[in-house]
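K.L.:
Below you'll find the structure I mean.
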Amino acid sequence: MQYWNLDDETETRDVPPARDAERSAYSFNDYSREDLRSYPNCLQEENHSLIYTRSLAPIGVFDSGVGGFTILSALRQELPHENYIYFGDTAHLPYGTRTEEDITELALQCCRFLLEQGVKLIVVGCNTASQAALNTLRATFSIPFVGVVPAVKPAARITRNGRIGVAATNRAAQAAYLRQLIEEFATGIETYAIGCPELVTLVERGELDGPEVEETLRQALNPLLAKNVDVIVLGCTHFPALRPAIQRVVGKRVQVIDSAAAIARRTHAVLDTDGLLHPAGSQGGDLQVWCSGDALAFGEVASKILSYPVTARQWHP
């Protein structure tokens, strides 16, 4: 395995990777009465009734901004009968330029808001927050979490010439956890990582296609293309919103992949294991969207990404 961070700056801190295959070590049987006070309608129920009631609860998803909508889209395809609450922390965007301590504190704040809404599981729809905060979130809250990581493992499987690229935020591209993923899953593969914060800016502005977008993409991804990679991993959940334009820029010989579908399948598996899938025949499919910044602008960009009308509400921490 050979790994190059093309930004030429590698984080040396030993941070274990946050895996989408991991889950919190918890059971609803382990809830204390203090935990149950968050759900007053359930206090007098037997355990099986509690689980049934919780199965009706929504899934929470959060990100620094609109990027997590690419994860939400995959979730709604995989689990169309579930209810969802999405929170975009746009008042503190971008996460990719913040310290790990800042990101962790912001992630805790996002999760507290979602827990106040009664969610049964939280998907951390942000690579940077998953890397920085997932272990802390699991240690803090008695609820299952699913995090996201770059799709290094499938990229290593499908590369034909043994050269893959990872496009991410600056922090994710430099993180030790990415190197650990590569060491574990991409042995013998030449792997190149690059930070592309300008792509996050495009998506947050709702600029998803067109000549100017393609030119920005060309400049951002050229360092990877110059290395003759034949697979590019979209290591930030914002980037799949640009996927049609990215594919045109990189050409047909380069496969472009992300982890959204795998995260949705993992979420399905966790809910199924805990008996928390939305009950068949019960009404579901609702979506609430919240943000910490401009709700009108957030809803407009969300509507572009999801391809259906979205009305967002603002929450002030």
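Conditions tested, residue by residue: (1) of a type outside the set (A, V, I, L, M, F, W, C); (2) in contact with a Ser or Thr (Cβ under 6 Å, 6 or more places away or on another chain).
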residue: THR159; (1), (2): yes, no
residue: ILE164; (1), (2): no, yes
residue: GLN174; (1), (2): yes, yes
residue: THR191; (1), (2): yes, no
residue: GLU207; (1), (2): yes, no
residue: GLU214; (1), (2): yes, no
residue: VAL231; (1), (2): no, yes
residue: LEU234; (1), (2): no, no
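K.L.:
Taking the criterion of being over 24 Å from TRP290 (Cα atoms) and of a type outside the set (Ser, Thr, Tyr), would at least one residue in the range 124-134 satisfy it? Can you show your working first?
P.N.:
At the first step, the residues of the range 124-134 found to be over 24 Å from TRP290 (Cα atoms) are none.
No, the conditions are met nowhere in the range 124-134.
K.L.:
Hey, any hits in the range 58-79 for a residue that's under 19 Å from GLU207 (Cα atoms) and at pLDDT below 95?
P.N.:
no
K.L.:
Continuing with this model, one more query. Take the range 211-239 and flag every residue that is farther than 21 Å from PRO94 by Cα and free of Cβ contacts under 8 Å to residues at least 24 places away in the same chain. Talk me through it step by step, then tell me what you get.
P.N.:
Here is the first cut: in the range 211-239, the ones farther than 21 Å from PRO94 by Cα are 211-212, 214-215, 218, 222-232.
Result: PRO211, GLU212, GLU215, ASN222, ALA226.
K.L.:
Could you look through the range 216-245, keep only residues that are among the hydrophobic types (A, V, I, L, M, F, W, C) and closer than 12 Å to ALA260 by Cα, and pick out the one that is nearest to the chain's Cα centre (by Cα)?
P.N.:
Here is the first cut: in the range 216-245, the residues among the hydrophobic types (A, V, I, L, M, F, W, C) are 217, 220-221, 224-226, 229, 231-234, 236, 239, 241-242, 245.
Those left that are additionally closer than 12 Å to ALA260 by Cα: 233-234, 236, 239, 241.
Details: VAL233: 14, LEU234: 11, CYS236: 8, PHE239: 11, ALA241: 13 Å.
Once the filter is applied, the top-ranked residue is CYS236.
K.L.:
What strands (runs of 3 or more DSSP E) lie completely within the range 200-317 and have 1 or more residues being of a type in the set (Phe, Trp, Tyr)? Let's see the steps before the verdict.
P.N.:
Numbers: elements: 231-234, 255-257, 287-291, 312-314.
Result: 287-291.
K.L.:
Would you mind telling me which numbered condition in (1) touching a Gly at 6+ places or on another chain (Cβ under 7 Å); (2) surrounded by fewer than 18 Cβ atoms within 10 Å (Cβ to Cβ) VAL301 fails?
P.N.:
Just one mismatch for VAL301, condition (2).
K.L.:
For residues that are surrounded by fewer than 18 Cβ atoms within 10 Å (Cβ to Cβ) and of a type in the set (Asp, Glu), tally how many sit in the range 174-190.
P.N.:
Restricting attention to the range 174-190, the residues satisfying the condition of being surrounded by fewer than 18 Cβ atoms within 10 Å (Cβ to Cβ) are 176, 180, 183-184, 187-188.
Now drop any that are not of a type in the set (Asp, Glu), which leaves 183-184.
Matching residues across the range 174-190 total 2.
K.L.:
How about the range 80-91: which of its residues are in a loop (DSSP other than H, G, I, E, B) and either polar (S, T, N, Q) or surrounded by fewer than 21 Cβ atoms within 10 Å (Cβ to Cβ) (or both)? Quick ask: steps written out before the conclusion?
P.N.:
Going residue by residue through the range 80-91, those that are in a loop (DSSP other than H, G, I, E, B) are 80-83, 89.
Selection gives PRO80, HIS81, ASN83.
K.L.:
Name the single residue, out of those in the range 81-126 being at pLDDT below 95 and among the polar types (S, T, N, Q), that is farthest from PHE239 (Cα to Cα).
P.N.:
Applying the filter and picking the extreme gives THR99.
K.L.:
Output the number of the condition that GLU184 fails; it satisfies all remaining conditions of (1) under 20 Å from THR128 (Cα atoms); (2) in contact with a strand residue (DSSP E or B) (Cβ under 8 Å, 6 or more places away or on another chain).
P.N.:
Result: GLU184 fails condition (2) only.
K.L.:
Does VAL203 qualify as being outside the structural domain of TYR86 (by TED's automatic domain parsing), within 16 Å of SER64 (Cα to Cα) and among the hydrophobic types (A, V, I, L, M, F, W, C)? I'd like the intermediate steps shown before the answer.
P.N.:
Working: outside the structural domain of TYR86 (by TED's automatic domain parsing): yes; within 16 Å of SER64 (Cα to Cα): yes; among the hydrophobic types (A, V, I, L, M, F, W, C): yes.
When the stated conditions are applied, VAL203 passes them.
The values are calculated or read from the model by the stated rules, or taken from the named source; none is laboratory data. Since we're looking at a predicted model, the values are computed, not measured. Cβ coordinates were reconstructed from backbone atoms using ideal geometry, including for glycine residues, and neighbour counts include every protein chain displayed.
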